[in-house]
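The values are calculated or read from the model by the stated rules, or taken from the named source; none is laboratory data. Remember, predicted model here, so these are calculated numbers, not experimental data. Neighbour counts run over all protein chains shown; Cβ positions are idealised from the backbone, glycine included.
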Amino acid sequence: MRGLPYFSRTQQGVLLLLGAALFFLWAWRAHFWLPPSPPPARPLNTVFVEVTGAAAHPGVYSFPHPPTLLEIWTKAGATGPAPDDQSKLPSGTRVDISPQGRCQLGRMSGPQLLTLGLAMDLNRAGAADLEALPGIGPVLAGRIIAYREAHGPFKTIDDLQQVSGIGPKKLAQVRPYLILGDQEPEALAPQED
């Protein structure tokens, strides 16, 4: 049985340098130290609509343009007489289809809106929606709702600073996730022939 070969200090140093050079070559070729590339950005005009209820394929759909209720009805595989409404639906709309073929329009939940990169309406958001905002917990969400009920709808996002517990830093933290929208969408019924 033979013993292991003996290497002098110089030879050990050369082997160590060669090993380090090979490691750095591998790391450079594999981009080991760089963070992974971000996912490709979605087009700015992507419109998201959620379909719930009596549809063959409920879920969240993306469109390259604001869809009509008929487009959503067809894509989700809803049955019954299709709606004749040609108005365009904004991104973040939830369409609930009843078994009788009525469509109730609303907004997606706050967490779902934020997941899709959409802002939520400060004047329509419930406590659970507001809790999805960074730095807003149940107590602060309750204060926002109480302030809105006592003083009416917010006129600007900056009015949030009137709520106890929201200062300039907290406002700057939540501002990108909020919008002020207009009135609630109403229920739509399919057209009768």
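Here are the numbers for this structure:
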read-out: Restricting the stretch 26-53 to residues that are touching a Ser or Thr at 6+ places or on another chain (Cβ under 7 Å) and surrounded by fewer than 17 Cβ atoms within 10 Å (Cβ to Cβ), the residue that is modelled with the lowest pLDDT; value: THR46
read-out: LEU105 being within 27 Å of LYS75 (Cα to Cα), in a strand (DSSP E or B) and in contact (Cβ under 8 Å) with a residue 24 or more places away in the chain; value: yes
read-out: Flag for SER164 being among the polar types (S, T, N, Q) and within 24 Å of SER62 (Cα to Cα); value: no
read-out: Check on LEU116, among the hydrophobic types (A, V, I, L, M, F, W, C), modelled with pLDDT of 85 or more and farther than 20 Å from VAL47 by Cα; value: no
read-out: Residue within the stretch 67-86 that is closer than 24 Å to ILE179 by Cα, surrounded by 14 or more Cβ atoms within 10 Å (Cβ to Cβ), touching a residue at least 40 places away in the same chain (Cβ under 8 Å) and among the β-branched types (Val, Ile, Thr) present; value: no
read-out: Selected residue (criterion: nearest to the chain's Cα centre (by Cα)) from residues of the stretch 125-139 that are part of a loop (DSSP other than H, G, I, E, B) and crowded, with 19+ Cβ neighbours inside 10 Å; value: LEU133
read-out: Criterion: touching a helix residue (DSSP H, G or I) at 6+ places or on another chain (Cβ under 8 Å), farther than 18 Å from GLY165 by Cα and surrounded by 16 or more Cβ atoms within 10 Å (Cβ to Cβ) - qualifying residue of LEU105, LEU114, LEU122, LEU118; value: LEU114
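Yes/no matrix, rows are residues, columns are (1) in contact (Cβ under 8 Å) with a residue 40 or more places away in the chain; (2) part of a loop (DSSP other than H, G, I, E, B); (3) within 24 Å of GLY92 (Cα to Cα):
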{"position": "ALA141", "(1), (2), (3)": "no, no, yes"}
{"position": "PHE154", "(1), (2), (3)": "no, yes, yes"}
{"position": "LEU160", "(1), (2), (3)": "no, no, yes"}
{"position": "GLY165", "(1), (2), (3)": "no, yes, no"}
